Amino acid sequence: MSVDTEAVSEPGWEVDPDDEWGVAVITTVGRQLRLRREAVGMRAADFGKAVGYGEDMVYKIESGKRIPRPEFLDRADEVLSAGGLLAAMKEDVDKVRYPKRARDLAALEAKAVELLSYGNHHVHGLLQTEEFMRALMGSQRPKLSLTQLEQAVAGRMARKEIFQRSPVPELSFVMDEVTLRRPVGGMPALHRQLQHLLEIAELPNVQIQVMPTDRWDHPGMGGRIQVLKFEDGTAVGRMDDGYGGRPVSEPKQLRILELRYGSIRAEALSPRESAAFIRQLLGET
């Protein structure tokens, strides 16, 4: 079935020029597409018409300037009689279509046996509904392009696989009260976000705590803190107001992060109290 080229003016995703591995993968995919097309003697314009994309977009994909969508590779495989060769590239393409930062974080989360996270700006990405994250990312300035927005949302949604892992990791989240009151995306979106938090909080491996705004002794005023622990006993962490915001893995640095996180958890509402607090907020939205 052909794709309406007027309706799909920007098929595919942009390539991050600083993502060396991603650039290499997409360049290889594009080269294989071009070689296969030329081998069957098909002009770019005819090929584009057959797959439902414009000639210019075909050249962008073949030159490694655009990341092809999965349906493009499926259709290209069929049109060029590639016998599954092109369609098989979807697995590699799927990995690089997410921003490098999201891939790096997802890779660490996929190996973690324990995650500790405190946030005072917004609901943690792993806990966000798609509606909430889309509105949150859409509020950035300068504004993201539609392609960048879709790419960022897809990358964050992919990280949610951590909830389906086996064995399941232990996940601890502490969020400032204000993150649960700010109506990102509007009050209906906030209502659904609060409902989602209550559902996630019921998972046996998840603890969600709320830091009330009336806590005067608050060790998290410096910003976000995150620690990921791995099966081999190693860990990596970071905090906004320390070490330049860079990830750290030295035992001394990690002890400071864990000390601060432990103090935050002690000042926050308990998981049971937090669930009751979220239900109260839910009734107000």
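The values are calculated or read from the model by the stated rules, or taken from the named source; none is laboratory data. Keep in mind that this is a model prediction, so the values were computed, not measured. Positions of Cβ are generated from backbone atoms using ideal geometry, with glycine treated the same way; all protein chains shown enter the neighbour counts. Surface areas here come from the heavy atoms of the whole protein model, side chains and all, with no ligands, DNA or RNA. Shrake-Rupley method; radii C 1.70, N 1.55, O 1.52, S 1.80 Å.
Within the stretch 119-170, restricting attention to residues that are of a type in the set (D, E, K, R) and within 18 Å of L194 (Cα to Cα), the residue that is least open to solvent (accessible area, probe 1.4 Å) is K160. Before we move on, is Q151 closer than 22 Å to R265 by Cβ, in contact with a Lys or Arg (Cβ under 8 Å, 6 or more places away or on another chain) and of a type outside the set (G, A, S)? Judged against the criteria, Q151 is not a match. Being without any contact (Cβ under 8 Å) to a residue 40 or more places away in the chain and basic (K, R) is the filter here; which residues of the stretch 118-169 pass it? Correct list: R141, K143, K160. Scan the stretch 34-52 and report the pairs whose first residue is farther than 10 Å from L80 by Cβ and whose second residue is of a type in the set (A, V, I, L, M) and open to solvent by 80 Å² or more (accessible area, probe 1.4 Å), with Cβ atoms within less than 9 Å and a gap of 6+ or a chain change. Between residues of the stretch 34-52 that are farther than 10 Å from L80 by Cβ and residues that are of a type in the set (A, V, I, L, M) and open to solvent by 80 Å² or more (accessible area, probe 1.4 Å), the close pairs are G52/M1. For beta carbons closer than 7 Å, sequence separation of 6+ or different chains, a first residue in the stretch 216-243 that is closer than 18 Å to P169 by Cβ and a second that is aliphatic (A, V, I, L, M) and surrounded by fewer than 17 Cβ atoms within 10 Å (Cβ to Cβ), the qualifying pairs are L228/L108; K229/V113; F230/V113; E231/V113; V236/L108.
Taking each residue of the stretch 176-205 that is among the hydroxyl-bearing types (S, T, Y) and looking for partners that are surrounded by fewer than 16 Cβ atoms within 10 Å (Cβ to Cβ) and modelled with pLDDT under 95 with beta-carbon atoms closer than 8 Å, six or more apart or interchain, yields T179/H121.
Looking across the stretch 242-272, the residues that are among the charged types (D, E, K, R) and surrounded by 13 or more Cβ atoms within 10 Å (Cβ to Cβ) come down to E258, R260, R265, E267.
For the stretch 69-78, filtered to residues that are charged (D, E, K, R) and under 23 Å from the mean Cα position of the chain (by Cα), the residue that is surrounded by the fewest Cβ atoms within 10 Å (Cβ to Cβ) is E71.
Remark: pairs (first residue in the stretch 258-272, within 17 Å of L171 (Cα to Cα); second residue basic (K, R); Cβ separation under 8 Å; 6+ apart in sequence or on different chains) = A268/R215. Would it be correct to say that S81 is small (G, A, S), without any contact (Cβ under 8 Å) to a residue 60 or more places away in the chain and either assigned to a strand (DSSP E or B) or open to solvent by 70 Å² or more (accessible area, probe 1.4 Å) (or both)? Taking the combined requirement at face value, the residue satisfies it. Can you name the residue in the stretch 154-178 that is over 20 Å from P271 (Cβ atoms) and not in a helix (DSSP H, G or I) and, of all such residues, is nearest to the chain's Cα centre (by Cα)? Among them, the one singled out is R165. Screening the stretch 171-222 for residues that are among the basic types (K, R) and within 25 Å of D240 (Cα to Cα) and picking the one that is surrounded by the most Cβ atoms within 10 Å (Cβ to Cβ) gives R215. So how many residues does the stretch 34-68 have that are assigned to a helix (DSSP H, G or I) and over 28 Å from the mean Cα position of the chain (by Cα)? Count: 17.
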